[in-house]
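The values are calculated or read from the model by the stated rules, or taken from the named source; none is laboratory data. All values reported here derive from a predicted model rather than from experimental measurement. We place every Cβ from the backbone using ideal geometry, glycine too, and count neighbours over all the protein chains shown.
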Amino acid sequence: MTSLRVRILRGVCCAFLLAVPAAAQAQWITQSLDLKPGWNAVFLHVDASHTTLNALVASDPANPILEVWRWNPPSTLQFIDGPEQPVTASTEWNSWSRTEPNPVLQRLGGNSAYLVRVGTNVTTYTWRVKGRPVGPRKDWATWGANLIGFPTATPLPKFDAFLSQSPELLQTAEIYQYVGGDLGSNNPVRVPALLFRNTAVKRGQAFWIRSGTVFNRYFGPFEVTTSGANGVDFSDHLNTYTVRLRNATTNNLVVTLRLASSELPVPAGQSNIVGVPPILLRGNLSVTNFSYAYTNLPVNSPRTWTLAAAGLSGSEIEVVLGIDRSVMTGNVGDLFAGVLQFSDSLGHLRIDIPASATVASSAGLWVGGASVTQVRHYLKSYARGSANELLTAANGQYIATDTNSSLGSVARSFPLRLIVHNPDTGGNALLLQRVYHGLDAATNPVVANTEIVLNRNFLSQARRISTTHLPWTEANTPWAFNGKLGQGAQLTTTVALGYNDQASNPFVHTYHPDHDNLDPAFKNVLAQGAESYSADRVITLQVVPPANDFAAITAGGRTLTGNYLETITLKGLARAGGQFDTRQFEVRGVFTLNHISNIPTLTTIP
């Protein structure tokens, strides 16, 4: 049939010619499409590009579909004044056929309209297409006809009720639908305005709709907008995700959110799904501690928002979602996936948005700092007489009555930078004095203990991270903890300062004759304790669960917090039996480490 169209200017065809296969990580739902013999118009709310039409249709002997044509919306520089039929060599249509050896159309993308021809040897056929849910379109061709579908809810609304929230569109809309059979003057057929009340807006069915000269963006009573094309994908590194809800009606509207499980089994070649993502909803900000409350979003547990009428304050809101990675048990890379289902109080729409997250690895480079807030006292009390004088023993020493060794707060906290590298397999976490992050000779990202590893052509993009409270050595040899970094870990390592370490020991003053560890003639090195002391710093990191607020819980995958403990033992002169004079000091505080690189291997050069 000759198409009814007037071209003002031929535009460039939209880039839908070949759909790219979907990412391996996906959530799955099945869309059912009821087909009649002949030509049908369908609209896919799922992306089935993980497989080909040959595998999806031709490999099934019971499938009666003969042809599939995809409508590629023309650019805004074209004008189409009525329904257009598939024609060969057309930029607006791509096709697949059972008899065509190399069809242009290979895969089914989401948010697209298709014409499907079914053989006449069947009465009806339900085509079940499993795919990844995609959010709805939000744009129309203002001038001309649109082949579109709507993600309507059950029971199906009729066109008069569905378009009543957009009165101008209701008055001007020209609607055509395919009724099966051959293409011709009666297929597609225009739906008279008087029959809008009898014509259902069926999910999965595509209609030609022309809005006349009315500017229009109405796809239903509310809109859902996500910040990415893949829905709500936390991947292995994101903590939060923002979704915006917008009321398109002139009255208050209640929007409901439910989390649904993904369908199983997963199509061959796709990632297995081990569970539903543990999603949190951010609540209100507390003016007491300036933290956000939260609620969990279990499966099939509704959460609602009341949106004010369009154009008023409160008609558009921001919904902040978070992921609680602390309960995502499993192996690194395991996929948690589900579907966020948004519906409205009018019962018109059910918009499906995919939601997913993967178990993250704690391997890589962690950088942060400790804040020393407490020091253990060493305060002795001495016996006093009636006149408050100090009493002495027979040996002439004062008589000690008590030692206060409690922890006391410091007047001002003291910062200590922490650099930790966590391996992925084998070995323990390492504490570093400095680290280098950049590109190596092969321009691959690298974390190393020396600048020699870095590509000199890209030094401007590299970074050196260092700390001054740990002893500097030319080899930059790290200190090994007794385990790996992660939630619930308690890691300990010992940093030793030699009594004659000119670079790092604070008791050694190279140019002070009383603190240079040399005899009066500056010839012989003195023993430990004569002028300076060695020090063993036992550093412990106790990782604790995050605080019970939205920001802390959602940051748990990329940020670790806990208690910082350090015991410093000073060693002096040697005594009989190989013992030394010793004195201990203890400090306490808190620490925070941020995961800044996923590179699991620390490249070391002695």
Does Val372 qualify as being surrounded by fewer than 22 Cβ atoms within 10 Å (Cβ to Cβ), in contact with a Leu (Cβ under 7 Å, 6 or more places away or on another chain) and in the same structural domain as Gln542 (by TED's automatic domain parsing)?
yes
Would you point out the residue of the range 524-576, among those that are of a type in the set (A, V, I, L, M) and in a helix (DSSP H, G or I), that is surrounded by the fewest Cβ atoms within 10 Å (Cβ to Cβ)?
Ala576
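Just give me the residues in the range 462-504 being part of a strand (DSSP E or B), of a type outside the set (D, E, K, R) and more than 20 Å from Gly427 (Cβ to Cβ), in sequence order.
Step one: of the range 462-504, the residues part of a strand (DSSP E or B) are 463-466, 479-480, 490-497.
The next check asks that each one be of a type outside the set (D, E, K, R); those that pass are 465-466, 479-480, 490-497.
Hits for the range 462-504 are Ile465, Ser466, Ala496, Leu497.
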Under 9 Å between Cβ atoms, which residue pairs at least 6 apart in sequence (or on different chains) link something in the range 453-467 that is assigned by TED's automatic domain parsing to the domain that holds Gln433 with a partner that is loosely packed, with under 12 Cβ neighbours inside 10 Å and among the β-branched types (Val, Ile, Thr)?
Val453/Ile605; Asn455/Thr443; Asn457/Thr443; Phe458/Thr443
With respect to Asn102, is the statement that it is buried (at least 18 other Cβ atoms within 10 Å of the Cβ) and at pLDDT below 95 true?
no
Identify, please: which residue in the range 498-553 is more than 55 Å from the chain's Cα centre (by Cα) and polar (S, T, N, Q) and is, among those, farthest from Phe591 (Cα to Cα)?
Asn524
Of the residues in the range 332-356, those that are under 17 Å from the mean Cα position of the chain (by Cα) and over 15 Å from Glu223 (Cβ atoms) come to Val332, Gly333, Asp334, Leu335, Phe336, Ala337, Gly338, Val339, Pro354, Ala355, Ser356
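Considering only strands (runs of 3 or more DSSP E) fully contained in the range 226-278, which possess at least 2 residues that are among the basic types (Lys, Arg)?
Numbers: elements: 240-247, 253-261, 273-275.
Correct list: 240-247.
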Within the range 99-140, tally of residues that are assigned to a loop (DSSP other than H, G, I, E, B) and β-branched (Val, Ile, Thr):
7
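Give me the residue from the range 422-458 that is assigned to a loop (DSSP other than H, G, I, E, B) and closer than 20 Å to Ala489 by Cβ and, out of that set, nearest to the chain's Cα centre (by Cα).
Let us first name the residues in the range 422-458 that are assigned to a loop (DSSP other than H, G, I, E, B), namely 423-429, 432-433, 440-444, 449-450, 454-455.
With the extra rule that they be closer than 20 Å to Ala489 by Cβ, the set shrinks to 423-429, 432.
Working: Pro423: 22, Asp424: 20, Thr425: 24, Gly426: 27, Gly427: 28, Asn428: 27, Ala429: 25, Leu432: 29 Å.
Taking the candidates together, the pick is Asp424.
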Can you name every residue in the range 320-339 that is within 25 Å of Asn548 (Cα to Cα) and among the charged types (D, E, K, R)?
Asp324, Arg325
